[in-house]
Structures are given as C-alpha cells and as structure tokens.
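Student: Attaching a single structure in structure tokens format; questions to follow.
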Amino acid sequence: MIDLLIIGAGPAGISMAVEACAAGVPHDRVLVLEQSPEHSFSIKKYYPENKLVTANYKGFEAACTGVMCLADSTKQETLSYLDEAIRAHQVTVRYGEHVYQIAKDAQAQRFTTTSNVASYESKVVVIAIGILGKPNKPAYRLPATLKERVLFDVTSVEILKSRVLVVGGGDSASEYCQYLVQQGNTVTLSYRKTEFSRMNKINRESIEALIARKEVEFLGGSDIKGISDGGGVARVAFQVPEGAEKEFEYVVYALGGTTPKNFLKTIGIRFLGDEPHLMDNHETSVPGLFLIGDLSAGMKGGSIIWAFNSASTAMEKIRERYLPEPPKSP
Ligand SMILES: Cc1cc2nc3c(=O)[nH]c(=O)nc-3n(C[C@H](O)[C@H](O)[C@H](O)COP(=O)(O)OP(=O)(O)OC[C@H]3O[C@@H](n4cnc5c(N)ncnc54)[C@H](O)[C@@H]3O)c2cc1C
C-alpha cells in the first residue's frame, strides 16, 4: 500500500509527484505510472521541434502557485526541466504501464489501480492522463490507405517540401503551419471560421503574417465534406466552398483532444454534461480521487502552468484530508 499513485507522467503528473515530495510525503510512497516508454509523451509527439513553448498558452495567466514553473522556452528546455524535476525529487516513474482500471474499496480509503503490468494499492489516486491520447477526429471517414498521409501531429512522419493541408484554427494549427512552412512545404490552412479568435497573440500574429506574405494559403470559412484516396494523395472535397476539390500530399488535423469519458465514468466519476464534475481542489465525486492537468481544464484545454498549478492545488487537499503529516516527536 502506497500513499499516492499518479497516472500519467506529463507536466501534471510529474509536478504532482514534486508537490508531494515538497509537502513531505516520502518519495518511496509515491509512484507514477506512464504508458509510454518516456515521460511527457504529448509534448514529445505533438510539439514541432522548433516550437516556442509559451508560458501564457491559451491565454492562461503565466503565474505559478506551486513548486514548478515555466517561462517561455524551447521544446528541449521544457523537456529538460521536466527531466530534472524527476531526477532531483527522486520521482519513481514506471514506464510502459497503461492503466485501464481503478476500483475503490467501499469500506476503506483505498484504491486498487490496474495496469497491463500489475495492480497497485494506494490511499489516493491522481489521474493526470491529459486529453491528447485521443485526438479529435473529423466526422467523415478517413481512408485507411492514406494512414501515412492523414495525420494528427507533425512529428510522427517527416513532412518536407510537400503540399500540406492543415485543418483547425487554434494555437496548434498556427504552430503546425509555421513549422511546415519552415520545412519548405506549401501550406494551406482550412478553418471553419474567418477569424482566429482562439489563438494567443504570438500565434495569431504569426499565422496572419504568413497569410499576408502568401506563405500560407488561407481557406477561411471553409468546411471539408470528405477525403478520398486520389492515387496515393489526399483528395479533399469541400462542402464550403461548394463543389471545390483539392489534392494534398499530407493532411494534418489540429482539432484538439477529448476527455476519456468512458474510462472516467467506469471509475464512478460524476459528469456534468461532457465534463467531469470537480469539487474543491480538483477532487472528483469519488473521495480521494483527483483529476489534474488538461483533464481538469474544461473545454478550452489546459497549459503547462495550468497543469503545475492544478497539482499544487490538489496537494493542499490531499495533505489536509488524506495524508496528514505525522505529529513531530518532541
Ligand atoms: C501542439 C501543441 C502545442 C502546445 N503548446 C503549448 C505551449 O506553448 N505552452 C503551454 O503551456 N502548453 C502548450 N500546450 C498544452 C500542453 O502541452 C498541455 O496543456 C499539457 O501537456 C498538459 O499536461 P498533462 O500532464 O495534463 O497531459 P499530457 O501532457 O497529455 O500528459 C499525459 C501523460 O499521460 C500518459 N497517459 C495517458 N493515458 C494513460 C494511461 N491510461 N495510463 C498511463 N499513462 C497514460 C500520456 O502518455 C502522457 O505522457 C500545447 C499542446 C499542443 C497539442
């Protein structure tokens, strides 16, 4: 039986372990389970290599309330900071463990968490699995033959000097366009709206400048009807403008991620509409079970600082209610 089991080693899960350590929970009583072979899988997979990691992402205030904090940095600096946090606080992360079940003992404050490798008992469980494990997909069917051409990130396949369609209108869409232009691609951006209201200032200005310089073709107010295999390339049919068809060597969707609703519901977490109902300090309707990071940020999605701050807020309640400090000997 350990004190604190954390699921997911992204910014939220790592900072949760760091907060526990800072609050005096012995590090051998805290365990992090991560399904990937490395920590911060979402950052490694979804961030373009040369991306500027902004502290005020999605307009979140860049103010840190806990132990960990981030200034504007490169992707590598961000990952090194998270590496160092794990090392310096002796955080135990077990990699390659995908958690698929969490059960609460009805009588005692005890959870049994099961991964593909083992089961663990703990007093408190914190779920920090983010929303990017399951990127949002379009409603139309995507041809299986174009698996290597129709993508949800820009790191799994090297895209160079090609005709690329990016679909979306948030920060990720802008960053993908910036990166793809730098890689010598001819980039088109399709967005249902005509204005970029969801982007932060840097990303909005960057994409508007690329469009003004005609380095990105902008299909504002466009709507895709479907994609078919046009002999190894993606043939994109548009609903708006009606009847339009264009061919691209790659299509990259930047539509955000989804809350793993079924997983959370089977644990017994109550939902309000599409979002998990969270009480004080990120606690769910199941006492002792917390949701932090992107999972607790609502429809808008989170940021790294949001993830750090949510861990510190959750730790306050965990310390006070579930893991009180042992009285000091005189
Ligand atoms: C393209 C892009 C650009 C971004 N740019 C910025 C930026 O500039 N600044 C900023 O602050 N934010 C940025 N963000 C947002 C930021 O990356 C997220 O808010 C942050 O990563 C959320 O942290 P998290 O720990 O909640 O989730 P994640 O980072 O998604 O980490 C979750 C971890 O849990 C693991 N996991 C998932 N399911 C399981 C399971 N069942 N069992 C075990 N492990 C599991 C995953 O492998 C992953 O390592 C960006 C996001 C994207 C997509």
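The values are calculated or read from the model by the stated rules, or taken from the named source; none is laboratory data. Not measured: the values here are computed from a predicted model. Here the Cβ is made from the backbone with ideal geometry for all residues, glycine too, and neighbour counts use every protein chain on show. For accessibility, only protein heavy atoms count, side chains too; no ligands or nucleic acids. Shrake-Rupley method; radii C 1.70, N 1.55, O 1.52, S 1.80 Å.
Student: Scan the stretch 1-59 residue by residue and report those that are of a type in the set (V, I, T) and more than 14 Å from the chain's Cα centre (by Cα). Full working, then the answer.
Tutor: Going through the stretch 1-59, the residues of a type in the set (V, I, T) turn out to be 2, 6-7, 14, 18, 25, 30, 32, 43, 53-54.
Hits for the stretch 1-59 are I2, I6, V18, V25, V30, V32, T54.
Student: Within the stretch 80-91, is even one residue within 25 Å of K300 (Cα to Cα), of a type outside the set (G, A, S) and in contact with a helix residue (DSSP H, G or I) (Cβ under 7 Å, 6 or more places away or on another chain)?
Tutor: yes
Student: Still on this structure, I have one more. Considering the stretch 131-154 alone, what residues qualify as being open to solvent by less than 20 Å² (accessible area, probe 1.4 Å) and within 14 Å of the ligand (Cβ to nearest atom)?
Tutor: Step one: filter the stretch 131-154 for residues open to solvent by less than 20 Å² (accessible area, probe 1.4 Å), giving 143, 146, 150-151, 153-154.
Once the filter is applied, which keeps residues that are open to solvent by less than 20 Å² (accessible area, probe 1.4 Å) and within 14 Å of the ligand (Cβ to nearest atom), the stretch 131-154 yields L151, D153, V154.
Student: Return yes when E215 is surrounded by fewer than 14 Cβ atoms within 10 Å (Cβ to Cβ) and more than 16 Å from the ligand (Cβ to nearest atom) and no when it is not. Can you show your working first?
Tutor: Values: surrounded by fewer than 14 Cβ atoms within 10 Å (Cβ to Cβ): no; more than 16 Å from the ligand (Cβ to nearest atom): yes.
Taking the combined requirement at face value, the residue does not satisfy it.
Student: Next up: Which number in (1) within 12 Å of the ligand (Cβ to nearest atom); (2) closer than 20 Å to G221 by Cα; (3) free of Cβ contacts under 8 Å to residues at least 40 places away in the same chain marks the one condition that L189 misses?
Tutor: Against the list (1) within 12 Å of the ligand (Cβ to nearest atom); (2) closer than 20 Å to G221 by Cα; (3) free of Cβ contacts under 8 Å to residues at least 40 places away in the same chain, L189 comes up short only on (1).
Student: Only residues in the stretch 48-74 that are at pLDDT 95 or above count as the first member; pair them with residues that are among the aromatic types (F, W, Y) and surrounded by fewer than 17 Cβ atoms within 10 Å (Cβ to Cβ), Cβ under 9 angstrom, at least 6 apart or cross-chain, and list the lot.
Tutor: No pair meets every condition.
Student: Name the residue that is surrounded by the fewest Cβ atoms within 10 Å (Cβ to Cβ), counting only residues in the stretch 259-293 that are under 20 Å from K137 (Cβ atoms) and touching a Leu at 6+ places or on another chain (Cβ under 9 Å).
Tutor: Checking each candidate, the answer is P260.
Student: Before we move on, is E325 exposed (fewer than 15 other Cβ atoms within 10 Å of the Cβ), under 22 Å from Y191 (Cβ atoms), touching a residue at least 24 places away in the same chain (Cβ under 8 Å) and touching a Gly at 6+ places or on another chain (Cβ under 8 Å)? First the steps, then the outcome.
Tutor: Working: exposed (fewer than 15 other Cβ atoms within 10 Å of the Cβ): yes; under 22 Å from Y191 (Cβ atoms): no; touching a residue at least 24 places away in the same chain (Cβ under 8 Å): yes; touching a Gly at 6+ places or on another chain (Cβ under 8 Å): yes.
It is false that E325 is exposed (fewer than 15 other Cβ atoms within 10 Å of the Cβ), under 22 Å from Y191 (Cβ atoms), touching a residue at least 24 places away in the same chain (Cβ under 8 Å) and touching a Gly at 6+ places or on another chain (Cβ under 8 Å).
Student: Considering only the stretch 34-63, how many residues are closer than 20 Å to I159 by Cβ and either more than 8 Å from the ligand (Cβ to nearest atom) or not β-branched (V, I, T) (or both)? Step through it out loud before you land on a result.
Tutor: Going residue by residue through the stretch 34-63, those that are closer than 20 Å to I159 by Cβ are 42-52.
Retained after the next criterion (residues that are either more than 8 Å from the ligand (Cβ to nearest atom) or not β-branched (V, I, T) (or both)): 42, 44-52.
Of the residues in that region, 10 qualify.
Student: Taking E247 as the residue in question, decide whether it is more than 12 Å from the ligand (Cβ to nearest atom), open to solvent by 30 Å² or more (accessible area, probe 1.4 Å), in contact (Cβ under 8 Å) with a residue 60 or more places away in the chain and touching a strand residue (DSSP E or B) at 6+ places or on another chain (Cβ under 8 Å). Don't jump to the end; show me each part of the working.
Tutor: Numbers: more than 12 Å from the ligand (Cβ to nearest atom): yes; open to solvent by 30 Å² or more (accessible area, probe 1.4 Å): yes; in contact (Cβ under 8 Å) with a residue 60 or more places away in the chain: yes; touching a strand residue (DSSP E or B) at 6+ places or on another chain (Cβ under 8 Å): yes.
Criteria met by E247.
Student: From (1) at pLDDT 95 or above; (2) away from the ligand (no atom under 12 Å from the Cβ); (3) open to solvent by 70 Å² or more (accessible area, probe 1.4 Å), pick out the condition that doesn't hold for H27.
Tutor: That leaves (1) as the condition not met.
Student: Of the residues V166, V126, only one is touching a helix residue (DSSP H, G or I) at 6+ places or on another chain (Cβ under 8 Å), open to solvent by less than 20 Å² (accessible area, probe 1.4 Å) and within 30 Å of E316 (Cβ to Cβ); which?
Tutor: Numbers: V166 fails: within 30 Å of E316 (Cβ to Cβ).
Residue meeting the stated conditions: V126.
Student: Can I ask one more? Answer yes if at least one residue in the stretch 98-107 is more than 18 Å from L264 (Cα to Cα) and in contact (Cβ under 8 Å) with a residue 24 or more places away in the chain, and no otherwise.
Tutor: Start the filter on the stretch 98-107 by keeping residues that are more than 18 Å from L264 (Cα to Cα), which leaves 107.
Now drop any that are not in contact (Cβ under 8 Å) with a residue 24 or more places away in the chain, which leaves none.
No, because not a single residue in the stretch 98-107 is more than 18 Å from L264 (Cα to Cα) and in contact (Cβ under 8 Å) with a residue 24 or more places away in the chain.
Student: Give the residue that is surrounded by the fewest Cβ atoms within 10 Å (Cβ to Cβ), with candidates limited to residues of the stretch 81-118 that are under 15 Å from M68 (Cβ atoms) and among the small types (G, A, S).
Tutor: A88
Student: Answer yes or no as to whether V157 is touching a residue at least 24 places away in the same chain (Cβ under 8 Å), assigned to a helix (DSSP H, G or I), open to solvent by 10 Å² or more (accessible area, probe 1.4 Å) and not acidic (D, E). Show your work before the answer.
Tutor: Details: touching a residue at least 24 places away in the same chain (Cβ under 8 Å): yes; assigned to a helix (DSSP H, G or I): no; open to solvent by 10 Å² or more (accessible area, probe 1.4 Å): yes; not acidic (D, E): yes.
Here the answer is no, as V157 does not meet what is asked.
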